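*Asks:* Before I ask anything, let me first share the structure, which is written out below as structure tokens.
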Amino acid sequence: MFQWKRAGGYGKQNKSDCIEMTSFPYVDAHCHLSTDRIVSHGFGYSNSDSFNYVEYRDVLRCVMSNNQFDLMKVKKIRNNSMLIRSFGIHPWYSHLFTLKDDIGKLEHYREVLQWKDEQEFQKLVEALPPPLKLQQYIDDNFNANEFDVIGEIGLDKLFRLPDNGFYTSVDTGRLTRTQVKISHQVNVFHAMLQLSKQYQLPISVHDVKCHQVLFESVYDILGDQDAINICLHSYTGSVEMLGHFWFKKFNQNRVFLSFSGFINFSNSATAMPLLQSIPKESILTETDFPIDLQTEQELQLEIKKVYNGIREILQFESEDALRALVYNNTQRFLKRDVEQ
């Protein structure tokens, strides 16, 4: 078991250590807007003129983008101190992009997908859109003045494509046995890490069963970039991976873990060893929910579930102290001034 301590240490908090304020908002450091497609218009950007999302001053939210379909929605939200826009390509949508200047649709999907059933593959290709050129997509849509985080980005060894070609928020369809090659996921991931490096923006990372490869990718590209912070969203790796790699190879002030109710607090045994082995200054909180499909009550219940779980495990005397901690951690992750 690895354990690091910073000023204030762990465990039960002394009253003198707590910032007893009620003005600190909750933090949802990793949430989404829904992904949908326009069936009647074929493929392209989603018609996001009429969507709703919960916005209230008691929660600071970092809203991820995953693909070309939800990006237009993310661009439409108000970017302010409480709603943070992010630009990314989730590994579940990495197959929708090509790094080549000139390639046909069928050739592209033969290069980036792996399948066992040729008939299933052919049906998928029919359902999928022509790939977008990754660099052109970035050039056309990324503006450093509009985005504060690069995310959601990462690698995923387990996911399979649905039979409609990619995950949507409604009626995704039956899962196939077809997957996106890790080599292609890595290429897209590297491009997004380079974007982070170019504009010195923090990253929010998805990692499922690719812990070593993902770490090496981040370290190779961002290891010497001390101004770029890293959020391991809904982290599912081992404590040993954190100790031997993330907190050993990187300055520990750069590494954050964002805890979600659905993944990390599915039972307390999952979150406890992680929370007890990292600096409390590395703790962030999240829902990982599409905020335009949830009610305000649902979002509040989910984020409070995470806060209650952390408070119980680390024995914070008050919620206010924990809210102050997580809020200030988030400000540091975003390279903003910390409130005292």
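All of the numbers you see were taken from the coordinates with simple rules; none came from a lab. Since we're looking at a predicted model, the values are computed, not measured. Counting neighbours? That spans all protein chains shown, and the Cβs are built from the backbone with ideal geometry, glycine included.
*Asks:* Which one of 269, 191, 144 has the biggest mean-square fluctuation once the chain is modelled by GNM with Cα springs under 10 Å?
*Replies:* Result for the chain, Cα springs under 10 Å: 269 fluctuates most.
*Asks:* Then there's this: Might you report the magnitude of the Cβ-based charge dipole of the stretch 15-333 about its Cα centre, with Lys and Arg at +1 and Asp and Glu at -1, to the nearest 20 debye? Show your work: numbers first, answer last.
*Replies:* On the way: 31 positive and 41 negative charges, 67 e Å.
Charge dipole of the stretch 15-333: 320 debye, to the nearest 20.
*Asks:* From the backbone phi of the stretch 307-314, what are the Karplus-calculated ³J(HN,Hα) couplings (6.51 cos²θ - 1.76 cosθ + 1.60, θ = phi - 60°) in whole Hz, Gly and Pro given as x?
*Replies:* Values, residue by residue: 4, 4, x, 5, 4, 5, 5, 9 Hz.
*Asks:* Using just the helices of the chain, give the 222 nm mean residue ellipticity in deg cm²/dmol: DSSP H runs with n ≥ 4 each add -39,500 (n - 2.57), and the total is spread over all residues, rounded to 500.
*Replies:* Values: 9 runs with 104 residues, N = 340.
About -9500 deg cm²/dmol.
*Asks:* Specify which residue in the list 151, 185, 331 is farthest towards the positive end of the charge dipole of the stretch 15-333, using unit charges on the beta carbon of Lys, Arg (+1) and Asp, Glu (-1), about the Cα centre.
*Replies:* So the residue furthest toward the plus end is 185.
*Asks:* Got the relative contact order for the stretch 85-173 handy, in percent, Cα pairs under 8 Å and 6 or more residues apart?
*Replies:* Reported relative contact order: 48 percent.
*Asks:* Out of residues 5 or more away from residue 60 or on other chains, whose amide H comes under 5 Å of its own, with H placed 1.01 Å from N in the peptide plane?
*Replies:* 26, 27, 28
*Asks:* Running a GNM on the chain with Cα contacts under 10 Å, which residue among 173, 309, 261 ends up with the highest mean-square fluctuation?
*Replies:* Highest fluctuation among the options: 173.
*Asks:* Springs between alpha-carbon pairs under 10 angstrom, Gaussian network model over the chain: which of 216, 240, 118 fluctuates most?
*Replies:* It is 118.
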